[in-house]
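Worksheet for the structure shown next.
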Amino acid sequence: MDEAERESGPWRRNLRVLWFCTFVAGMAFSEIMPFLSLYISGLGDFTKSQVTMYSGLVYAADFFVSAIASPLWGMVADRKGRKLMLLRSSLGTAFAMALMGFATNVWQLVALRALQGVFAGFISNAQALVASQTPRKHSGASLSTLMTGVTSGMLLGPVIGGVLAQVFSIRLTFFITAALLFSTFILSWVLVEEKFKPVAPKSEGERSHNPLAAFPNPKLILVLLSSTLIVQFGNISISPIISLYVKELMHNVGPITVVAGIIAALPGISNIFASPRLGRYGDQHGSGKVLIFGYVFAFLMYLPQGFVTSVWMLGALRFMIGISDGALFPEIQTLLTKNSPVELTSTVFSWNQSFQAIGNMMGSLLGGWIAGVFNYNAVFFSTALLMLVNLALIWWLVPEIRRSKTQPA
């Protein structure tokens with residue numbers, strides 16, 4: 001699609017519909033997380049260490065399979081359309097989630113989480129569809145706005161999931177979650193319109209064995225994908241220890257779980273307000289500038305979190321982290337969009353999802369290990385260092401990002 005077709009197309013309606021769908025999907029994915037370990041412990045007579053081990057397997061199964069399957073689905077999306085992939089992902093994930101409510105042992109749950117990974121990709125395909133239909137001068141603001149749907153859904157998910165599990169049961173919550181995901185299937189099917197133009201396949205002589213050969217700046221694409229992994233690694237490495245850190249700061253006195261929940265939610269609240277504004281600024285002045293700001297700001301906010309002496313100080317700094325997240329994830333996606341051929345939009349977004357899944361796996365495993373070997377504050381120091389390393393990679397390997405407004409491919 002050229003810019004005139006994009007401008008006259010249904011991109012605004014698609015953005016509104018998919019914002020709501022990603023909100024529902026984000027809520028559905030996150031509402032089962034608080035009690036997944038409890039669900040596992042109820043599937044057998046396990047020791048504490050066994051529950052921990054099985055929980056790690058159950059969590060990792062989804063991310064591991066998703067990292068492998070996402071690029072394959074991305075190639076299909078670029079040939080058959082992104083709307084088809086939205087329908088495939090929402091219906092398949094709803095089916096897998098419903099089956100989890102029938103699980104009778106932990107290995108069935110591991111297998112069903114792996115099945116969920118096969119069907120993963122609703123959010124990344126929603127991002128790819130918006131990116132491929134939106135005029136490029138609005139792509140930063142649109143992708144940032146879409147990101148607020150995911151973020152706000154994931155903020156509400158744990159609260160709603162906890163209430164549902166308390167009022168009904170953990171098993172019934174899986175069925176409710178599946179129904180929510182099925183609603184995104186219906187909404188996507190009925191309301192999302194995609195003017196998809198498949199690209200004619202290249203002849204044998206035109207094909208390249210290098211998957212990055214079709215990109216005008218392969219090095220930039222690799223650095224951006226690696227940045228997704230690093231940023232996600234840093235974010236997730238903190239998740240397993242944040243409640244324990246809060247417990248330590250509160251000296252094991254007071255409503256620890258309530259405070260930990262609030263602290264965990266604060267970055268998402270600031271992200272909702274910051275992302276669209278930073279996206280619009282990036283469209284006008286350069287996405288690269290916003291990205292560099294995000295890394296500097298993240299380093300300055302992560303480092304002092306390892307020195308805090310009260311939950312109030314930690315809460316203020318965690319709130320500010322949402323601003324850096326609003327500058328990093330959406331701008332990485334915007335730069336990927338602006339520097340990728342239109343016919344490879346879904347491919348590059350699926351690669352991005354794979355790198356994000358790998359970051360999820362590595363962060364959750366290594367974050368706990370760092371905290372165990374050193375201390376909780378070491379996780380914040382290591383994350384701050386990662387942000388600095390990532391900034392150095394971008395600064396030296398792709399200097400065009402900091403020099404001028406990155407132009408579309």
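Checking Gln50, Gln116 one by one, the residue that is closer than 25 Å to Leu229 by Cβ and either out of contact with any strand residue (DSSP E or B) (no Cβ under 7 Å at 6 or more places or on another chain) or surrounded by 19 or more Cβ atoms within 10 Å (Cβ to Cβ) (or both) is Gln116 and no other.
For the stretch 328-341, what are the residues that are part of a helix (DSSP H, G or I) and more than 25 Å from Val379 (Cβ to Cβ)?
In the first step, residues of the stretch 328-341 are kept if they are part of a helix (DSSP H, G or I); the result is 328-338.
Of everything in the stretch 328-341, those that are part of a helix (DSSP H, G or I) and more than 25 Å from Val379 (Cβ to Cβ) turn out to be Gln333, Thr334, Leu335, Leu336, Thr337, Lys338.
Of all residues assigned to the stretch 164-172, at least one qualifies as being more than 23 Å from Arg82 (Cβ to Cβ), at pLDDT 85 or above and either of a type in the set (Lys, Arg) or buried (at least 20 other Cβ atoms within 10 Å of the Cβ) (or both). Of the residues making up the stretch 48-101, just one is free of Cβ contacts under 8 Å to residues at least 12 places away in the same chain and of a type in the set (Gly, Ala, Ser), namely Ser49. For the stretch 333-344, the set of residues classified as crowded, with 24+ Cβ neighbours inside 10 Å and closer than 21 Å to Thr148 by Cα consists of Gln333, Thr334, Leu335, Leu336, Thr337, listed by residue number.
What are the residue pairs meeting all of these: first residue in the stretch 20-47, first residue outside any helix (DSSP H, G or I), second residue at pLDDT below 80, Cβ atoms under 7 Å, and 6 or more apart or on different chains? Taking only residues 6 or more apart or on different chains, the pairs are Ile32/Gly161; Phe46/Tyr54.
Quick check on Ser124: is it in contact (Cβ under 8 Å) with a residue 60 or more places away in the chain, crowded, with 18+ Cβ neighbours inside 10 Å and assigned to a helix (DSSP H, G or I)? When the stated conditions are applied, Ser124 passes them. Looking at the stretch 295-317, can you tell me whether even one residue there is hydrophobic (A, V, I, L, M, F, W, C), modelled with pLDDT of 90 or more and under 18 Å from Leu397 (Cα atoms)? The answer is yes; a qualifying residue exists.
Is it the case that Gln305 is surrounded by 20 or more Cβ atoms within 10 Å (Cβ to Cβ) and over 18 Å from Ile238 (Cβ atoms)?
No, not satisfied.
Quick one: would you say Met100 is within 22 Å of Gln356 (Cα to Cα), out of contact with any strand residue (DSSP E or B) (no Cβ under 9 Å at 6 or more places or on another chain) and in the same structural domain as Tyr54 (by TED's automatic domain parsing)? For Met100, the condition - within 22 Å of Gln356 (Cα to Cα), out of contact with any strand residue (DSSP E or B) (no Cβ under 9 Å at 6 or more places or on another chain) and in the same structural domain as Tyr54 (by TED's automatic domain parsing) - is not met.
When you check Asp325 against the structure, is it over 18 Å from the mean Cα position of the chain (by Cα), of a type in the set (Asp, Glu) and either surrounded by fewer than 24 Cβ atoms within 10 Å (Cβ to Cβ) or assigned to a helix (DSSP H, G or I) (or both), yes or no?
No: the conditions fail for Asp325.
Do we find a residue being surrounded by fewer than 19 Cβ atoms within 10 Å (Cβ to Cβ), farther than 30 Å from Leu328 by Cα and among the β-branched types (Val, Ile, Thr) anywhere in the stretch 94-109? The answer is yes, given that some residue of the stretch 94-109 is surrounded by fewer than 19 Cβ atoms within 10 Å (Cβ to Cβ), farther than 30 Å from Leu328 by Cα and among the β-branched types (Val, Ile, Thr).
The values are calculated or read from the model by the stated rules, or taken from the named source; none is laboratory data. Bear in mind the structure is a predicted one, so any value in this text is a computation, not a measurement. Note: ideal-geometry Cβ built from the backbone for every residue, glycine included; neighbour counts use all protein chains shown.
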